[in-house]
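The values are calculated or read from the model by the stated rules, or taken from the named source; none is laboratory data. No experiment lies behind these values; they were computed from the predicted model shown. Every residue, glycine as well, gets a Cβ built from its backbone with ideal geometry; the counts of neighbours run over all protein chains shown. Accessible surface is based on the protein model in full, side chains and every heavy atom, while ligands, DNA and RNA are left aside. Shrake-Rupley method; radii C 1.70, N 1.55, O 1.52, S 1.80 Å.
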Amino acid sequence: MTTFSTAARISIVIIACWTAVGASHSRLAGPDPNGWLLESDTLNEAEIADKLIEMYEANSTAERLKWYEMGGEISLKNLGTDALRYSAKDPLYNFYVDGFRDVGVTYEKDTYGIFDKSPAETYGHSIVIDILEIQNFPDGLEVESILVTGLWMRVYHHLYDIFRRCGTGKYNTSLMRENLDRAAVLWIGQKQVYGSNTVGVMLYNLAERASVEFGQDKGEAAINSKFLSILEQIRLTIIGDTCSVVAETTDIGNEIMHQHLSDAVRQMNALLVQRLIHFMATDVDIKFTKLYVLSLVPQIRTCSTVEYKYFMEKVVFNTAYDRDSFETSITHLQKMYSCLGVTCDDIGSYSGGRVPQCSESDIEPLLPLAGYVPANDVRRYAKVDRDIRQMFILLDQGNIVAAKNLYWYGRNMVNGDSIPTPLRSLAREFNTLKQAGDQNRLYNMFEDYYENNSAYADKLIWDAFGGTEAKSQVAVPGILQTIVVPHFAVRAFFEAVDLCEGNRLAASLSFDKGVAALVGSLEGISQGGSNDGLSWFSLMKKFCPYFNCDDTTDPSLNVQIMALLQDSKNAIMNGSCSALVLNVHDVESLLLVPCIQGLLYHSKMRQDQPTSILHHETAKVFAKAIIPAVKKVSETQAYFIESNIFTNIGDQIDAEQVWSAIFNVVDNGSTAPDLGVLCGDIGNPNLILNGKSFCEYPDAI
């Protein structure tokens, strides 16, 4: 890996006094009430500070490696090499492993799973070794690389483990308190003096140094004060009765502790962002900038492949990167503040206004969604696909519990420092407005099918989580894309219909919420969107090649949908409520098209590969997305689909029965009731029909 090339060793930080200054063995970072009182044995963690000091003061690579590898329960080395053993079920660690796997494949052209010639799970160790192998590197780089990779993640692990135990039946006060003290020791260090940016070596000291440049050094850095305050709130929650109460829904943990964890990560990320801004803005060796980009870019990748590619290609692997790129890089970084859980106020103003404090409205302006321009601020709902993307990553790494937490609590659907809107709320928590009793509305058909359960989408998600790991990996994201998100949108659209006559402003807001969720932020701003989308809008593009649509980048049905959405927005503004009703019904029908395509494709693939979990589960997902509507049209055709698709893996099925059932419930020119979907809209499938129009089925077979 050529991330850190050879450069002259220069002095950038003088850490002159890392010895203890009369601090108590049981209290960290100064006297009471400012310090942290230890109640657990954290000697192993405390020794980390001594090893870091010795490593920094070493005069040769061999001596630095000696201190890096020096044994004990915790060594500097095994902060990185043992990360998997500690953090395999920690969601942020999953994001980092996934990110560095992609770095290895995409930028290093190595085998999947490998980063810098080693398993991606040991990314922290790989980064440190990469630096130590440089003949001359800037002072402090090796120490900071340990702090912001392996040690930073170990602090997070101890905090996440507390949340994992609180309210889940794994409650253990002693163990949770030990985790809290370990996190505190690794953050503060036994050599730290309260508020000092010269005496200390751990993350606390790093925050003190950063705070000077950001005008946040008021006795103690704002990040440290807030972080330690959060640790105290965690302590009070542990010793109270809160964590002993097991939540009704398995594995979702305690809401209060989840908020504490989110608040802590916010401060931990704020530190990384401040250090990155500092190094981007100064003439200090570019290797520090690259280090801090690597410390953040795996999180950025979970929210935006565009921003991920920018930092990897324009900073990390760009040998020509210099300060001329600074303003552009700052803009790209600030766009990702909400992804990192930080705000403009958290970061502040750098160097007396050299980088002014940003504002949320400037760094995340109201932008078009694949060409659609909302009339309202619905940025929160557009970020639904960030949650879906992160759900994919967690499930791919087998972290079902963390995926449940993400579904329950949310992470990305925020504005500023607001509490996230979770995916769960899209599936079950609807507005109090009583919608019109039109039983032909899509969501009413589903409620009837699922025994008058208005939270049917939520039930389907939990059913999907209840399967095996391999089944959940397919079913959960599929249900989100085909039912949770589009049905939330349909409810929002019909709420706009019901509000149109009496409250056009409220109708407009509701309608835009539906569009934002349906399209998502990952599609970008240009007409047709991008290849990165993960909400409903991406499905038509996914199946386009298999059904020979006209334009794989912007299928005609997506164009039709967007035109209907734009016309609907205008109809609300103009008070043309009757036109809005017609448009919404047309949109409702078109939303079924990629689900029908998915069922046709995967039913045939399942017939050909009866033991494939992918095709078995995906066919079930798409069947669930249309069966209630099909049954409303024809119980007989619904039976043919159910009897083939809702069977056990390995069972032989007749895909042509499924195809025939679909043909009989779409508009094929007959007078029979149908779904409102034209047979021609299904396209020209390669399978069975060999590229002929679906309207020619069954005559063409």
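A few notes on this one:
- Filter pass, Gln560 being polar (S, T, N, Q), touching a Leu at 6+ places or on another chain (Cβ under 8 Å), open to solvent by 40 Å² or more (accessible area, probe 1.4 Å) and over 30 Å from Phe646 (Cβ atoms): yes
- The set of residues from the stretch 48-83 being assigned to a loop (DSSP other than H, G, I, E, B), open to solvent by less than 50 Å² (accessible area, probe 1.4 Å) and farther than 19 Å from Val185 by Cβ comprises Ala58, Ser60.
- Any chance Leu582 is of a type in the set (A, V, I, L, M, F, W, C), surrounded by 19 or more Cβ atoms within 10 Å (Cβ to Cβ) and modelled with pLDDT of 95 or more: no
- Residue in the stretch 60-72 that is touching a residue at least 60 places away in the same chain (Cβ under 8 Å) and touching a Lys or Arg at 6+ places or on another chain (Cβ under 7 Å) present: yes
- The single residue among Leu147, Leu141, Leu231, Leu175 that is farther than 22 Å from Thr282 by Cβ and in contact (Cβ under 8 Å) with a residue 40 or more places away in the chain turns out to be Leu231.
- Phe317 open to solvent by 30 Å² or more (accessible area, probe 1.4 Å), closer than 24 Å to Leu92 by Cβ and modelled with pLDDT under 95: yes
- Ser472 in a loop (DSSP other than H, G, I, E, B) and touching a residue at least 24 places away in the same chain (Cβ under 8 Å): no
- Helices (runs of 4 or more DSSP H) fully within the stretch 559-640 counting 3 or more residues that are under 32 Å from the mean Cα position of the chain (by Cα) and β-branched (Val, Ile, Thr): 613-633
- Test: residue in the stretch 321-330 that is out of contact with any Ser or Thr (no Cβ under 6 Å at 6 or more places or on another chain) and on the phi > 0 side of the Ramachandran plot: no
- Condition broken by Phe663, with the remaining ones in (1) in contact with a Ser or Thr (Cβ under 8 Å, 6 or more places away or on another chain); (2) of a type in the set (A, V, I, L, M, F, W, C); (3) under 23 Å from Ser589 (Cβ atoms) satisfied: (1)
- Within the stretch 178-198, the set of residues being in contact (Cβ under 8 Å) with a residue 40 or more places away in the chain and either under 27 Å from the mean Cα position of the chain (by Cα) or open to solvent by 20 Å² or more (accessible area, probe 1.4 Å) (or both) comprises Glu178, Leu180, Arg182, Ala183, Ala184, Leu186, Trp187, Gln190, Lys191, Val193, Tyr194, Thr198.
- Every residue from the stretch 673-701 that is in contact (Cβ under 8 Å) with a residue 24 or more places away in the chain, open to solvent by less than 50 Å² (accessible area, probe 1.4 Å) and aliphatic (A, V, I, L, M): Leu675, Val677, Ile682, Leu687, Ile688
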